[in-house]
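Before anything else, here's the structure in question.
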Amino acid sequence: MKKIILALVCMVGLTAMAQREKGHGRDGMKDLTAEQIATLHTKKMTLALDLTSAQEQKIKAINLEDAKERKAKHEERKAQKEEGERKKLTSDERYAMQNAKLDKMIARKAEMKKILSAEQYEKWQTMHHQRGQKHSKKRKAERKSKK
């Protein structure tokens, strides 16, 4: 009986380690340049939405701008973490940050509506919504595991 329990514990441990080593989907993206990330994101959208070449170029420009901004913010957070100067945001700072984020999302939605056809836009919204739900579930799980 002890051997069976020991074998089960070992299997669970190995499975957990294998999952941890596998990492998350974005781990491979941190080594890529902003241009490479934008290109990959655009190609995925082209496959999903069947974009024309003109649409693809417009969306690539948007994705490039976003990727550069994300890379810059990532580097800023990384530098703050290394210096140990990451401070807790005040409620006003959090409000301003959320407000800016929502303004950007509204502007992005308007841009996409101009570029995409009605059918493509509906599909994009669905994809965007599902991705948001997936990320929020992942964040909740991470918060629970930290406690």
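Which residue, of Lys81, Lys43, is of a type in the set (D, E, K, R), in contact with an Asp or Glu (Cβ under 9 Å, 6 or more places away or on another chain) and part of a helix (DSSP H, G or I)? Full working, then the answer.
Working: Lys81 fails: in contact with an Asp or Glu (Cβ under 9 Å, 6 or more places away or on another chain).
Matching residue, one of Lys81, Lys43: Lys43.
A further question follows. Between residues in region 40-55 that are without any contact (Cβ under 8 Å) to a residue 24 or more places away in the chain and residues that are open to solvent by 60 Å² or more (accessible area, probe 1.4 Å) and assigned to a helix (DSSP H, G or I), which pairs lie under 7 Å by C-beta distance while being six or more apart or on different chains?
Final answer for the pair search is Thr42/Lys60.
Ok, one more. Mind listing just one residue for me: the one in region 80-129 that is of a type in the set (Ser, Thr, Tyr) and farther than 30 Å from Lys58 by Cβ and, of those, most open to solvent (accessible area, probe 1.4 Å)? Full working, then the answer.
To start, the set of residues in region 80-129 that are of a type in the set (Ser, Thr, Tyr) comprises 90-91, 95, 117, 121, 126.
Next cut, farther than 30 Å from Lys58 by Cβ only: 90-91, 95.
Numbers: Thr90: 73, Ser91: 77, Tyr95: 153 Å².
Taking the candidates together, the pick is Tyr95.
Return the residues of region 84-123 that are assigned to a helix (DSSP H, G or I) and touching a helix residue (DSSP H, G or I) at 6+ places or on another chain (Cβ under 7 Å); say none if nothing qualifies. Give the steps one after another, and end with the answer.
First pass over region 84-123, keeping only residues assigned to a helix (DSSP H, G or I): 91-115, 118-123.
Answer for region 84-123, where residues must be assigned to a helix (DSSP H, G or I) and touching a helix residue (DSSP H, G or I) at 6+ places or on another chain (Cβ under 7 Å): Glu111, Met112, Lys113, Ile115, Gln120, Tyr121, Lys123.
The values are calculated or read from the model by the stated rules, or taken from the named source; none is laboratory data. A quick note: this is a predicted structure, and the numbers were derived from the prediction, not measured. Positions of Cβ are generated from backbone atoms using ideal geometry, with glycine treated the same way; all protein chains shown enter the neighbour counts. Ligands, DNA and RNA are excluded from the accessible area calculation, which covers all protein heavy atoms including side chains. Shrake-Rupley method; radii C 1.70, N 1.55, O 1.52, S 1.80 Å.
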